[in-house]
Structure formats: C-alpha cells, structure tokens
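Please see the structure below; I have some questions.
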Amino acid sequence: MITSVQNSVIKEIKKLHQKKFREQTAQFLVEGHHLVNEAHLSEFIIDKLIIREDTDLPGWVEKHNVLYVTDEVFEVITQTETPQGIAAVVNKHKFTNKNKGHVLLLDAIQDPGNLGTIIRTAEAAGFTKVVLGKGTVDPYNDKVLRATQGSIFYLPIIQADLTEEISKLKDNDYEIWAATLEESTVYHKEEVTSFVGLIIGNEGAGIAPEFIEKADKNIKIPIYGRTESLNAGIASGVLMYYLQTSFAR
C-alpha cells in the first residue's frame with residue numbers, strides 16, 4: 001500500500017497529466033471502471049493499475065502489475081470529480097491493421113469533448129483511421145479519453161501533416177471531401193463511389209483554405225432552423241454515417 005503522495009512512482013504517474021510527459025513516455029492515464037476495462041480488453045498494454053483502498057475490483061485485476069494506494073494518494077492521481085477508485089497507466093499502441101476504408105481528417109479540432117465524441121462516432125461508423133492535423137487537441141487528454149468511452153482503444157489515431165495524408169489518400173484512389181460552406185453541395189446529393197477522406201475543420205474557423213483547395217468535393221449539411229452552424233461532433237457524425245451507409249462496395 002502506497003501511503004505517501006511523495007512516492008517517486010506516484011510523482012511519475014501524476015506527470016502524465018501533462019502532454020509533454022505523455023509524449024516522452026509514450027504512455028497515458030485512464031480512470032474509471034469502464035475505460036480501464038476497455039484498455040484491458042484491447043490490444044493496448046497496461047503498464048500498471050492503480051487501485052484505491054477499499055475499491056471493489058474486477059476479477060482480472062491480478063493479471064496486471066497492481067499498485068494499491070490510499071485515498072489521499074489516489075486523489076493526487078485522479079482528474080475526475082467523482083473518482084471510482086481505479087486507474088491505469090497504459091502504453092500507447094501502434095495499430096497494424098491495414099484494412100481500407102473511409103478516413104477522417106481533422107483540422108485543428110480544439111475542444112476535447114468534440115474530439116472525443118468524433119473519435120467515438122468514427123469507430124461506431126466503421127471508419128478505419130482518424131488523422132489529427134496541426135492544432136488538434138491531444139487525443140490522450142483526460143477529457144478526450146472520457147468522451148471516447150473507450151473507442152480510442154479500437155481505432156487507429158495518428159497525428160500527422162494533413163497535406164501529406166491527403167496526398168497519400170489520393171495516391172490510393174480516395175476522394176477527398178471537405179465539410180465547408182464554400183462553393184459546396186448538400187452532402188446527400190453527392191454519390192459515394194469510392195473510399196473517402198473526410199475533412200472536418202476547426203470549430204470556429206472551419207477548414208484551412210489550403211486543405212479546401214485539395215478537396216475533390218465540398219459538402220455541407222443543410223440548416224433548416226435559425227442557427228448558423230452545427231457542432232463539429234454532430235456534423236462529423238452525420239457525414240460519416242452518410243458515407244458509410246451510402247458507399248456501394
């Protein structure tokens with residue numbers, strides 16, 4: 001039982017609250033029974049479990065390296081308002097699945113809740129990869145992780161230059177669709193005749209002009225009420241499901 005918040009291992013775990021340490025260690029921290037269980041069921045490797053004293057545990061816990069800690073120590077680690085007494089340090093994972101399918105390209109999505117929702121929806125909609133362009137929030141941010149509800153463990157998420165990724169997709173016979181109001185067509189009037197790389201832009205500024213120029217089609221979702229636009233998470237969900245259900249394989 002670790003009883004001191006000054007314990008060196010606890011200090012290292014707490015550093016994972018910061019992006020630079022997540023990048024240095026290639027690890028991240030998840031909290032709560034659901035996310036920890038999803039990590040356990042996935043191909044990701046759990047480096048260590050952190051268990052608060054007097055917490056009810058699942059039967060598979062002993063298969064991992066377990067640290068038992070006091071309530072005070074767990075409070076230092078946790079970032080949630082109502083912690084459930086279980087957390088895990090997880091190693092980042094490189095997916096080897098090369099299945100071809102629709103790809104989501106995100107240009108500077110900054111809201112953690114939006115990004116988490118988008119990743120969750122992309123996995124549910126059967127997309128095969130999510131590419132995070134410059135300016136997009138870290139996918140291993142605790143708020144993003146919670147919003148994914150574990151989907152991050154089952155879908156390749158990469159951080160890359162969107163210009164390079166768009167070129168690669170075009171070389172592999174993908175069409176590039178940009179969700180923008182500029183010279184665009186209502187999305188359901190476009191046929192889906194190939195796999196698509198779908199670009200979703202920043203919540204306020206939209207897609208950067210250099211990416212719109214590379215798109216084969218510009219599409220929009222019609223607005224029937226008085227609101228000016230849809231939330232990025234909602235808009236991406238509408239478009240991803242259209243692409244997946246309309247593609248004639």
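Quickly run through segment 46-65 and pick out the residues that are surrounded by 14 or more Cβ atoms within 10 Å (Cβ to Cβ) and closer than 22 Å to residue 25 by Cβ.
Matches in segment 46-65: 46, 47, 48, 49, 50, 51, 64.
Looking at (1) surrounded by 14 or more Cβ atoms within 10 Å (Cβ to Cβ); (2) over 21 Å from residue 91 (Cβ atoms), can you tell me which one residue 185 breaks?
Answer for residue 185: the failing condition is (1).
When you check residue 75 against the structure, is it acidic (Asp, Glu) and either crowded, with 16+ Cβ neighbours inside 10 Å or at pLDDT 90 or above (or both), yes or no?
Working: acidic (Asp, Glu): yes; either crowded, with 16+ Cβ neighbours inside 10 Å or at pLDDT 90 or above (or both): yes.
Here the answer is yes, as residue 75 does meet what is asked.
Moving to a separate point now. Can you work out which of the residues in segment 91-140 that are acidic (Asp, Glu) and assigned to a loop (DSSP other than H, G, I, E, B) is surrounded by the most Cβ atoms within 10 Å (Cβ to Cβ)? Spell out the reasoning first.
Quick first cut of segment 91-140, residues acidic (Asp, Glu) only: 107, 111, 123, 138.
Next, from what is left, pick out any that are assigned to a loop (DSSP other than H, G, I, E, B): 107, 111, 138.
Numbers: 107: 24, 111: 18, 138: 19.
This residue is 107.
Output the number of residues of segment 190-237 satisfying the condition of being open to solvent by less than 50 Å² (accessible area, probe 1.4 Å) and of a type outside the set (Phe, Trp, Tyr).
The qualifying residues number 25.
Further question: Scan segment 238-249 for residues that are open to solvent by 30 Å² or more (accessible area, probe 1.4 Å) and closer than 19 Å to residue 119 by Cα and report the count.
5
In addition: For segment 6-22, which residues satisfy the criterion of being more than 28 Å from residue 137 (Cβ to Cβ) and either in contact with a helix residue (DSSP H, G or I) (Cβ under 9 Å, 6 or more places away or on another chain) or at pLDDT below 95 (or both)? Let's see the steps before the verdict.
We begin by selecting, within segment 6-22, every residue more than 28 Å from residue 137 (Cβ to Cβ); these are 6-8.
7, the sole residue that qualifies.
Any residue in segment 1-26 that's farther than 16 Å from residue 74 by Cβ and touching a residue at least 24 places away in the same chain (Cβ under 8 Å): show its pairings with residues that are among the polar types (S, T, N, Q) and part of a loop (DSSP other than H, G, I, E, B) at Cβ separation under 9 Å, as long as the two are six or more apart or on different chains.
Close Cβ pairs satisfying both conditions: 19/141; 22/141.
Oh, and also: Pull up segment 1-45, narrow it to residues that are basic (Lys, Arg) and surrounded by fewer than 19 Cβ atoms within 10 Å (Cβ to Cβ), then point me to the one that is nearest to the chain's Cα centre (by Cα). Give the derivation first.
If we filter segment 1-45 for residues that are basic (Lys, Arg), which is where we start, we get 11, 14-15, 19-20, 22.
From the residues that got through so far, the ones that are surrounded by fewer than 19 Cβ atoms within 10 Å (Cβ to Cβ) too are 11, 14-15, 19-20.
Values: 11: 26, 14: 21, 15: 21, 19: 15, 20: 18 Å.
Filtering first and then ranking leaves 19.
Restricting to segment 152-180, what's the tally of residues that are open to solvent by 10 Å² or more (accessible area, probe 1.4 Å) and assigned to a helix (DSSP H, G or I)?
Number satisfying all stated conditions: 8.
Tell me, yes or no, whether segment 131-149 has at least one residue that is among the small types (Gly, Ala, Ser), more than 15 Å from residue 104 (Cα to Cα) and under 9 Å from the mean Cα position of the chain (by Cα).
yes
Among the residues of segment 41-80, write down those that are over 23 Å from residue 140 (Cα atoms) and part of a strand (DSSP E or B).
Of everything in segment 41-80, those that are over 23 Å from residue 140 (Cα atoms) and part of a strand (DSSP E or B) turn out to be 68, 69.
The values are calculated or read from the model by the stated rules, or taken from the named source; none is laboratory data. These figures come from a predicted structure and were not determined experimentally. No Cβ is skipped: glycine too gets one built from the backbone with ideal geometry, and neighbour counts run over all protein chains shown. Ligands, DNA and RNA are stripped out before the accessible areas are found, and what is left, the full protein with its side chains, is counted by its heavy atoms. Shrake-Rupley method; radii C 1.70, N 1.55, O 1.52, S 1.80 Å.
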